[in-house]
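What follows is a short report on a single structure.
Quick note: the coordinates plus some simple rules give every number you see, no bench work behind them. Because the structure is predicted, anything quoted here is derived from the model rather than measured. Here the Cβ is made from the backbone with ideal geometry for all residues, glycine too, and neighbour counts use every protein chain on show.
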Amino acid sequence: MRRFSRFLLFGGTACVVLCLAKAHAVTHGYDLTSSFRFGWSLAYVAALVVAAYGVGLPDLARNRRAVVVAGIGSTAAAATAISMAQLFLGSALLPRFVILVAPAVLLPLYLLCASLARDGREHDRDRDRVVAVAGRQEAFHLADDLDMGAERPAVLAEVLEPPMASSDDPQRRPLLEAARARRATAVVLDRAAQADESIVAQAAALHESGVRVRTLSLFYDEWLGKLPLSELERVSLMFDIGELHRVRYGRMKRIADVTLAAAGLVALVAVLPLVAVGNVLANRGPLFFRQPRVGRNRRTFSLLKLRTMRITPAGPASWTRPDDPRVTRFGSWLRRTHLDELPQVLNVLKGDLSIVGPRPEQPHYVAELTEKIPFYDLRHLVRPGLTGWAQVKYPYGATEGDAMEKLQYEFYYLRHQNLALDLRIVGRTLRSVIRGGGR
């Protein structure tokens, strides 16, 4: 249902705009498909779709009022963008009829799509009922991760510690009984449960009746988009990494990086005058900020940003905290809009960064984390990124605990690295930026 609501929103937007453009063409006696207005109609469709996705439609708006506000905002933004393009080029690229009528027609469609997405969320929440056979600590982490937001929504219906699920009595099968009583659709086994023959036999019986059976590692991978902390070291070498093991992917990724960075460079040149003025008025000091970071193969490079903090004595930087007093008011705006990250397109063009990858850390943090986490260095086998799976899945964090949490998402990215996942991450990042997610 949720996928259908997205298809309906995107497909419906294209249908509405193109039908309005066709109606105008018929009324005024010209062929739309051979006219330059056809290309601009498609551009308007793209602008509307990107804006709608960016404000969270159809998935993230939780009530009718939020949908109306998001719908008005996204269509107004797209209409303004096309109108500004017409003003800049001095030409009527699209008829005002199409630009102005499309938002009025699309708003009811967006309400319908959001309603379908909401119904889909409710259905998904009830669809997967999970019985986990796991230790207390692992079960606690699993429940917490499901509450934080899963890729495939599920509810933890029951938790059994391995001794509770095991039985030598053929007449007593605790796991089987618990799964049937809770109407489980999936059973998850931790490492201890997988080693118990009685538990595995009960799980096999459930599997035969249509219940999915997963190891803890596989459940995290499929439902949560991460790898569990308890399994990281065990699976750290048991998968291929796209940039290392698929040459074609590595080349295509680099081409995409350079293309997007070149577009970002144009945006950087456009906003620099504005930032320079703001810097003089409310953020006195150097315009740029450089900081050493660890890249691919542990090579240190200089990461470039727009400065957002007051100038402090030289030395190893500490973790940035929420509402950090070192951040200036203008710097806070740069962070909220993510403009402070824009100079990193130069790092991408130089090959220090990729658009998508694990976020690079400072050398002294890497040394500390490598000492505490033996498999931490695996993330340095690929280019670090401007954005990454950990950034779109986990809120901004500034502690070693947050670094451990993010590593679970980074291992998922390394395990599934491909262009489709990269595109998915870029899309979610754009949505976060448009909705104003900042640090």
*Return the inverse of the average 1/r over all pairs of distinct C-alpha atoms in the range 128-224, which is the Kirkwood hydrodynamic radius, in Å to one decimal.*
13.1
*By DSSP, what percent of the beta bridges with both residues in the chain are antiparallel, rounded to the nearest 5?*
35
*Convex hull of Cα atoms in the range 2-122, direction-averaged projection (nm²)*: 7.0
_Would you work out the Kirkwood radius for the range 187-281? I mean one over the mean of 1/r across all pairs of different Cα atoms, in Å._
18.2
*Under 18 Å Cα-Cα from Lys305, which lysines qualify once same-chain neighbours fewer than 8 residues away are excluded?*
Lys350
*Where nothing but the Cβ of Lys and Arg (+1) and of Asp and Glu (-1) is charged, how large is the charge dipole of the range 128-224 around its Cα centre, in debye to the nearest 20?*
340
*In debye, nearest 20, what is the charge dipole magnitude of the range 158-213 about its Cα centre with +1 on Lys and Arg Cβ and -1 on Asp and Glu Cβ, if you could check?*
300
*Can you put Ser332, Ser166 in order, fewest other beta carbons within 10 Å first?*
Ser332, Ser166
_Please compute, for the alpha-carbon atoms of the range 146-185, the extent along each of the three principal axes and give them in descending order in Å._
39, 19, 11
_Whole-number percent relative contact order across the range 366-434, with pairs defined as alpha carbons under 8 Å at least 6 apart_ = 36
_Inter-probe distance in nm under a simple model that places probes 7 Å from Cα toward Cβ, at Arg183 and His207_ = 2.6
*Interchain or long-range residues, amide H under 5 Å from Ser354's placed H*: Gly385, Leu386
_Kirkwood Rh, Cα atoms: Rg over Rh of the range 332-434_ = 0.95
*First obtain the Kirkwood hydrodynamic radius of the chain from its Cα pairs, then insert it into the Stokes-Einstein equation at 20 °C and 1.002 mPa s, and state the resulting D in µm² per second as a whole number.*
86
*Using a cut-off of 21 Å between alpha-carbon atoms, which lysines can reach Lys226, once sequence neighbours fewer than 8 places away in the same chain are excluded?*
Lys372, Lys393, Lys406
*Quick one: pull the percentage of alpha-carbon pairs in the range 242-434 with a separation above 30 Å.*
18
*To the nearest 20 debye, what is the magnitude of the charge dipole of the chain about its Cα centre, counting +1 on the Cβ of each Lys and Arg and -1 on the Cβ of each Asp and Glu?*
1800
*At Val247 and Ser83, where each label point lies 7 Å from the Cα along Cα→Cβ, what is the point-to-point distance in nanometres?*
5.4
*Tell me the trypsin sites (Lys or Arg not before Pro) within the range 205-303 that lie in a loop according to DSSP and have at most 10 other beta-carbon atoms within 10 Å.*
Arg299
*Calculate the translational D of the range 184-233 in whole µm² s⁻¹ from Stokes-Einstein, where the hydrodynamic radius comes from the Kirkwood formula applied to all Cα pairs, the temperature is 20 °C and the viscosity 1.002 mPa s.*
189
_Gaussian network model of the chain, springs between alpha carbon atoms under 10 Å - residue of Leu20, Leu304, Leu274 with greatest fluctuation_ = Leu274
*For the range 139-197, which GluC sites (Glu not before Pro) are in a loop by DSSP, counting at most 14 other Cβ atoms within 10 Å?*
Glu151
*Do any trypsin sites (Lys or Arg not before Pro) in the range 20-83 lie in a DSSP loop with no more than 16 other beta carbon atoms within 10 Å, and if so, which?*
Arg62
*If you take the charge dipole of the chain about its Cα centre, with +1 on Lys and Arg Cβ and -1 on Asp and Glu Cβ, which of Ala390, Val49, Ser34 is farthest toward its positive end?*
Ser34
